[in-house]
Structure formats: C-alpha cells, structure tokens
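Each remark here refers to the structure printed beneath this line.
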Amino acid sequence: MTSVVISGTGLYTPSQAISNQELVISFNQWAEDWNQQHAQEIAEGRQAAQPLSDPAFIEKASGIQSRYVMDKAGILDPQRMKPFLAERSNDQPSIQAEMAVAAAQEALQQAGLSADQIDLVIVACSNLQRAYPAVAIEVQQQLGTSGYAFDMNVACSSATFGIQTGVNAIQAGQARRVLMVNPEICTAHLNFRDRDSHFIFGDACTAVILEDADLAQAAEQFEVFSSKLMTQFSNNIRNNAGFLNRCDEAQAQASDKLFKQEGRKVFKEVCPMVAEMIVQQLAQEALEPQQLSRLWLHQANLSMNQLISKRVLGREATAQEAPVILDRYANTSSAGSIIAFHLHRDDLATGAIGVICSFGAGYSAGCLLVRKRALS
C-alpha cells in the first residue's frame with residue numbers, strides 16, 4: 001500500500017474580525033427595536049419578547065471570544081445582519097476560489113511544490129458558492145494545476161473526508177499529489193437574529209497538500225496511516241437552503257434556510273460517539289490513548305472538545321495536547337481542525353502520533369491518525 005503524507009498546509013484568514021462585544025451591541029439593538037415594534041403583541045402574550053445577548057453568555061456557552069469575517073459592516077448593521085458580498089461577473093474569480101488560492105499558495109510553498117505538480121484539486125466545505133461549474137475546477141484553472149478537480153460536501157467533516165478521498169486517489173494511482181481546500185464562508189448561512197447561535201461561526205479557508213511519500217521533499221511531513229469515517233442521519237443540525245426553495249415561494253425565506261441546531265441534543269449525542277470512535281480506531285491500530293501526542297479536534301465548542309479529549313485520554317487534556325483556536329476563529333466548520341493542525345504541530349518530535357478529528361451535521365465524523373515522519 002502506497003504511503004501518503006501531508007507535506008504542506010495553508011491558511012487564509014480574512015482581514016476583518018468581530019469581537020463578542022461588537023456582535024452583542026448589534027444583536028441587542030436589533031432585539032430592542034423588534035421588541036418595541038411588537039410591544040402590543042408581547043404585552044398581550046401573542047409574541048415572546050426577543051431576549052438580549054451578552055459577551056459573558058457567549059464565552060461561557062462556546063469559548064468563543066472573536067471571529068474573522070469576510071464582511072464586518074453588513075453583519076453588524078442591525079437593519080441587515082448578514083455579510084454583504086457583492087455578486088461577481090462570470091469573468092471574475094469567485095470569492096471561494098480566491099480564498100482557496102490564497103491558502104493553497106502557502107501549502108504549496110511549505111511542500112516545496114509548484115501548482116503544475118498537483119494532479120487533483122478537491123474543494124471540500126459546508127456551503128458551495130454555486131452548483132456548477134465546480135469551484136474546484138475554477139481553483140484548478142486559477143492555480144494552473146493539472147489532472148482533474150471536483151467539489152464535495154460533508155458539512156463540518158468535509159476536510160477529513162476530503163483528505164481521505166485524496167489519500168484514496170493517490171493509493172489507487174489516480175494522482176500523485178492532491179490539493180484539498182476548505183473555503184468556509186460560514187457567516188453567510190448564519191442567522192444573526194438567533195440569540196442561541198448568532199455568535200457561533202467565523203470565516204476562513206485551509207489547504208492541505210497530500211503526496212505519495214516516495215515523492216515528498218518537504219521539511220516536515222505527517223504520514224496519514226489510519227482513517228475512520230462515519231455518518232449517521234440526524235436532524236439536529238440542519239440547513240434546508242437549496243435550489244428547490246424557489247419552487248415554494250411561501251417557504252423560500254423561512255428560518256430553516258439558514259443554520260439551525262438543537263445544541264443540547266448535539267452535545268449529548270455527538271461527544272460520546274466521537275470519543276468512542278477515536279478510542280476504537282486507536283485499538284484497531286494496537287495503540288493506547290496515552291500514545292497520542294496531539295488531538296486536533298473540530299473547533300465547534302470548547303466544552304465539546306474538553307469532554308471528548310477527556311473521554312479519550314481518561315483525564316483532562318493540556319492546552320498543548322488538545323489545542324484550541326475557536327477562541328479567536330470561532331467555528332469555521334470543516335476548516336477548524338485543519339487550522340488547529342496548521343498552527344499547532346511544529347513542536348512535535350519525530351514519530352509523534354496525533355488525530356485530526358471532525359464531527360458535525362449529518363451526523364458525520366472523521367478521524368485521521370497521523371505520524372510525524374522521520375526524514376533521512
């Protein structure tokens with residue numbers, strides 16, 4: 001079996017950021033205006049008043065302190081409360097392609113490769129800008145890669161599923177080098193008028209280079225030596241936006257066309273499922289949890305990550321063992337675990353083992369065991 005390594009990663013971070021305090025000011029202004037406009041209905045008990053938010057509630061509920069966004073002004077405008085991202089002509093690069101190219105260029109530099117050495121481009125993310133042509137084919141054209149390209153969506157697990165898809169392509173002989181990118185514009189599908197979720201998401205893009213280990217020349221390489229993917233249907237995280245929405249005008253703008261979740265149910269059901277998945281995968285490889293040097297977990301919620309890592313390790317994980325980036329990036333869907341891997345791996349010794357783990361809507365979950373490779 002061909003050995004496949006991660007030889008480079010890249011990260012695109014938007015230039016704008018929103019603090020919890022800024023987000024709360026905007027939300028509360030909208031809520032107070034709404035309550036004033038519906039004062040009579042509220043007084044008569046025909047409407048419930050919109051509750052106010054506060055920074056302490058957000059940080060306690062999620063561990064998030066700030067988030068990077070593609071458009072700050074539109075989100076913070078109480079009359080709009082969504083990013084303004086102008087539609088581009090067909091002759092202009094798409095927003096997601098631009099993000100992907102920026103992240104890819106850093107990953108290529110780390111791997112010591114030029115774009116024309118890439119045989120396959122995979123764009124894997126929760127929301128795609130259009131149905132077709134594939135954003136991945138646009139990225140292929142923008143970068144000048146060879147071979148083929150396609151898009152895929154497994155919600156928050158898109159990156160781990162995308163990496164394993166790239167590994168499979170290399171091991172099947174269909175590609176020698178793969179670029180997998182995750183351009184996530186999560187703020188565009190977030191309901192900023194929902195107190196329970198208006199703070200959850202941020203925007204970012206990550207990139208991963210996968211290579212046949214015999215070809216890789218990068219100074220730092222991580223072998224992907226084991227993978228486990230799973231899905232289990234659940235309505236607890238859902239977004240009903242799609243091309244059929246226009247066929248029922250009465251429901252086209254309903255709140256379910258944006259991100260919705262039953263947070264408590266997700267926490268209760270997903271945490272034990274993911275922890276057990278990691279432990280089982282380690283056992284299949286004759287490894288003990290104590291042999292893990294790092295857990296690069298999906299960055300959805302601090303309490304979820306703490307509980308999962310504790311169940312896997314049998315104790316509280318240190319900040320080094322289970323690094324957190326959601327305090328400043330928030331939940332960036334599929335990009336989260338890759339951001340953690342990108343920013344928190346350089347200190348690992350040769351032979352160190354870690355798990356890149358995702359979990360989210362579907363339910364979907366993906367675990368990749370990686371080992372820092374010794375280079376001659």
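The values are calculated or read from the model by the stated rules, or taken from the named source; none is laboratory data. Keep in mind it's a predicted model, so treat the numbers as computed, not measured. Cβ placement follows ideal geometry from the backbone for every residue including glycine, while neighbour counts extend to all protein chains displayed. To get the accessible areas, we keep the full protein, side chains included, count just its heavy atoms, and leave off ligands, DNA and RNA. Shrake-Rupley method; radii C 1.70, N 1.55, O 1.52, S 1.80 Å.
Details
- Inter-label distance, nm, simple model (7 Å from Cα along the C-beta direction), Asn240/Asp327: 3.9 nm
- DSSP-loop chymotrypsin sites (Phe, Trp or Tyr not before Pro) across segment 1-87, with at most 16 other Cβ within 10 angstrom: Phe84
- Descending by average beta-carbon neighbour count within 10 Å, the peptides 15-25, 132-142 line up as 132-142, 15-25, the highest first.
- Of Ala207, Ala254, Ala56, the one that fluctuates the most in a GNM where the chain has Cα springs shorter than 10 Å: Ala254
- Between segment 137-168 and segment 204-236, the Cα center-to-center distance that results, in Å: 11 Å
- Per residue, the chain reaches -10000 deg cm²/dmol at 222 nm when only DSSP H runs of four or more residues are counted, each adding -39500 (n - 2.57).
- Per-atom-type breakdown for segment 226-376 gives carbon and sulfur 49% of the accessible area (1.4 Å probe, protein chains only).
- Cα-based Kirkwood hydrodynamic radius, the chain, one decimal, Å: 21.3 Å
- For segment 87-201, the extents of the C-alpha atoms along the principal axes are 48, 32, 27 Å, listed from largest to smallest.
- Kirkwood hydrodynamic radius over Cα pairs of segment 193-247, then Stokes diffusion coefficient at 37 °C and 0.692 mPa s, in µm²/s: 193 µm²/s
- Heavy-atom surface of segment 1-153, accessible at 1.4 Å and reported per residue (Å²): 50 Å²
- Degrees separating the helix 20-37 axis from the principal Cα axis of the chain, which is the longest one: 30 degrees
- Rounded percent of accessible protein surface that carbon and sulfur make up, segment 61-128, 1.4 Å probe: 42 percent
- Note that segment 207-313 carries a Kirkwood radius of 17.5 Å, evaluated over its alpha carbons pair by pair.
- Share, in percent, of DSSP beta bridges within the chain that are antiparallel, nearest 5: 70 percent
- Over 28 Å between alpha carbons, listed pairs Lys72/Lys268; Lys60/Lys260; Lys72/Lys265; Lys265/Lys372: Lys72/Lys268; Lys72/Lys265; Lys265/Lys372
- Local net charge near Ala175, Cβ-Cβ under 15 Å (Lys/Arg +1, Asp/Glu -1): -3
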